[in-house]
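Notes to accompany the following structure.
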Amino acid sequence: MLSRPRLRIALGVVLFSILALGAGLAVGRPLIRHTHRHVVIDVFNVNSIAQIFVNCRQAARVRRDEPGATIDLGWLTPDDRVFLSATSRDPHPAFGFLGFSNGRKFAKDTRGDSETLGFPAEPNAVVFAKAYLAGGAPLGQIGCQPPAVVAVPDYIESSDETGIARVKGNEHPYRSPKTPYDQIDSIGGWSLIPLAVIGVSAAIAIGPARRLAWMHRKWVGGAIGLLTGLAALFFGVLGPGALLTTFTVSGTLLLFAVTIPLMFPPCWRRLERAADAGGP
């Protein structure tokens, strides 16, 4: 099949498209994580009213008769502010929050016990309020509620211009951004692995490349040994990931090297001549 230039070029274009897509996803993942923060808040131990705001737009409201909830706020910019608060409905409230930014825990705030009597507090009072940047940096005891009945020392009302958006029923005025970042983040973490497998498989399947590698097997074996040695050297620091990283990077580069002669006939002819002549 590869003796036909058009089929060979078409195969090269397909492989290059796969390479570009996989590499783009792999590069896009750290870029997204650098420019945005994926924020998730776990709410538990609720014997009060627990609320979550983003820039003082209400994202969630969990009452004491509801089970705990996991609130995905989506991908926020580092300057976005996340507010956690709890309001007592009786003299014995309880609450619990866990906050994660790009998978890293930045908040763990809990008080009282929802299964028994919580801590004493005045009814209908703000008993907890904290604000964080989306990256996890604490901003202090800042809340979005007006300071009517507040049982939080040094409480400060946020100056966000949006204020508190009122909600009706389960309608939340805050909507997490609709972006493909979740897909890029999940796929980009392993997208180089299939590229490496395809690269190794293509190098073995293409006759001239296979013959040329066999003719220079000492050099090829030395390169593989060097890469394995480097991976083993960093194994103690990076763990098993060092071997996987070595394989993915090497295989991806090999896929690129195989794709070039497929797409460009002059490069293919040079590869065939080198393989037929026993070397370049």
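Does Val54 fit the bill of being over 30 Å from Thr259 (Cβ atoms) and not acidic (Asp, Glu)?
yes
Just the residues that are modelled with pLDDT of 80 or more, assigned to a loop (DSSP other than H, G, I, E, B) and in contact with a Gly (Cβ under 6 Å, 6 or more places away or on another chain), please, taken from the stretch 177-208.
Correct list: Ser191 only.
Among Asn55, Asn102, which is the only one that is touching an Asp or Glu at 6+ places or on another chain (Cβ under 7 Å), in contact (Cβ under 8 Å) with a residue 60 or more places away in the chain and farther than 23 Å from Ala125 by Cβ?
Asn55
Within the stretch 19-57, how many residues turn out to be exposed (fewer than 15 other Cβ atoms within 10 Å of the Cβ) and of a type in the set (Val, Ile, Thr)?
So the answer is 2.
For the stretch 1-24, give me the residue count where each residue is at pLDDT 90 or above and not in a helix (DSSP H, G or I).
Final tally of qualifying residues: 0.
The values are calculated or read from the model by the stated rules, or taken from the named source; none is laboratory data. On a predicted model such as this, the values are computed, not experimentally measured, just so you know. Using ideal geometry, Cβ is built from the backbone for each residue, glycine included, and neighbour counts are taken over all protein chains shown.
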